[in-house]
1. For A:Val77, state whether it is at the interface with chain B (Cβ under 7 Å from one of its Cβ atoms), in contact (Cβ under 8 Å) with a residue 24 or more places away in the chain and either part of a helix (DSSP H, G or I) or surrounded by 16 or more Cβ atoms within 10 Å (Cβ to Cβ) (or both).
2. Any residue at all in the range B:158-171 that's of a type outside the set (A, V, I, L, M) and either over 28 Å from A:Val31 (Cα atoms) or in contact (Cβ under 8 Å) with a residue 24 or more places away in the chain (or both)?
3. I'm trying to understand the selection: among the residues of the range A:36-51, which are of a type in the set (Val, Ile, Thr) and either under 9 Å from the mean Cα position of the chain (by Cα) or more than 7 Å from chain B (Cβ to nearest Cβ) (or both)?
4. Look through the range B:65-84, keep the residues that are among the aliphatic types (A, V, I, L, M) and at the interface with chain A (Cβ under 9 Å from one of its Cβ atoms), and return whichever of them is surrounded by the most Cβ atoms within 10 Å (Cβ to Cβ).
5. Could you list all residues from the range A:40-70 that are touching a Gly at 6+ places or on another chain (Cβ under 6 Å) and touching a residue at least 24 places away in the same chain (Cβ under 8 Å)?
6. Quick check on my filter: what residues within the range B:136-165 are modelled with pLDDT of 90 or more, loosely packed, with under 14 Cβ neighbours inside 10 Å and of a type in the set (A, V, I, L, M)?
7. Count, please, the residues in the range B:49-64 that happen to be touching a Ser or Thr at 6+ places or on another chain (Cβ under 7 Å) and surrounded by 24 or more Cβ atoms within 10 Å (Cβ to Cβ).
8. When the residues of the range A:1-59 are filtered to those that are assigned to a helix (DSSP H, G or I) and of a type in the set (Ser, Thr, Tyr), which remaining residue is farthest from B:Lys154 (Cα to Cα)?
Amino acid sequence: MYFEMFKAFFKVGAFTIGGGYAMLPFIQDEVVEKHQWLTTEEFLDVLAIAEVTPGPVAVNTSTYVGYKLKGVKGAIVCTLGTILPSFLIILLIVTSLWKYRNNPVIDKAFLGIRPAVAALIFTAVYKLARKMDISKYMLVISVLTVLAVAFIDISPIVVILVSAFGAIGYYKFKENK
Amino acid sequence: MELLNLFLSFLKIGAFTFGGGYAMIPLIEKEVIEVHGWLTAKEFIDILAVVEMTPGPVAINSATFLGYKVGGVLGSILATTAVVLPSVIIIILIAHFLSKFKNSPYVDWAFKGIRPVVLGLIVSASISVAKNAFIDFKSVIIGGVLFYLISFKKLHPILAIILAGAAGVLVY
């Protein structure tokens, strides 16, 4: 089990290019679809926690999933899996590959890889949205979030906190009625 | 002493950057260039370009890279450990807390409110990635074809990245 966990997150660490949400389709593929360690709802909850806590989203997510599966030991195993590929690749680059960094073939490959990363993230959104059975009011909140974060530049942390307390207020009010 | 400073700097970077990845860069820049003078601004930009191209979280890559520059392999181990340590501790505490309160209606309500927001955040992230990725007609075609293959033909994400790299070399 520990080896499976390590392997899953090692793959996430090894193929996520660009950092941040670029790792999301890979984590979703391993954790939700292949191994079913989390449901779609749980996966979104983990992302919310990863976003409001400091540190890289990929590290936060792997620690959380690891803890949920096997406690502190699991958290360490999954986190090591995520960071080890980067660590080894960077060491390889600084010690021997640094001189190839201006190679034109690499630049061309990256012109192709960037749209692929965008396509992967769009796919992740599509898959999550399809599974969630979204109500009209949820869609309104999602659209408002995009407007606030992508176009007005409001911090994601503020949006998450407002919606969390807003939802608690709303359900409490409904319960008391 | 230099190694202790390195460890403390990256502990700070790990503990105070929210949102991950690129949000860390300004703080890394301040610690590494202004406070400690480990690198020049030019070297820092070169390193960022390489970090962006290598797989893995940007924060981890930067820490490993800068750690190596300051203190060799030991430096890279210290910096990388320091940058993840705050996250790991905070997340374990939260996961522990949430597992105790998982039957509380308040936790349940809060997450019900947050889920559509997270979906919106991912869409926002994809918009900012798309802005840098879709620079011409060719890149839109590559992105569109891959979206179709991944979503409807079950193309594996890892294979998609490899194919996209090959396509880039061919068409540019």
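1. no
2. yes
3. Answer for the range A:36-51, where residues must be of a type in the set (Val, Ile, Thr) and either under 9 Å from the mean Cα position of the chain (by Cα) or more than 7 Å from chain B (Cβ to nearest Cβ) (or both): A:Thr39, A:Thr40, A:Val46.
4. It comes out as B:Val83.
5. A:Pro56, A:Val57, A:Gly66
6. Listed by number, the list is empty, since nothing qualifies.
7. Within the range B:49-64, residues that are touching a Ser or Thr at 6+ places or on another chain (Cβ under 7 Å) and surrounded by 24 or more Cβ atoms within 10 Å (Cβ to Cβ) number 7.
8. A:Tyr2
The values are calculated or read from the model by the stated rules, or taken from the named source; none is laboratory data. No experiment lies behind these values; they were computed from the predicted model shown. Here Cβ is always computed from backbone atoms with ideal geometry, including for glycine, and neighbour counts include all displayed protein chains.
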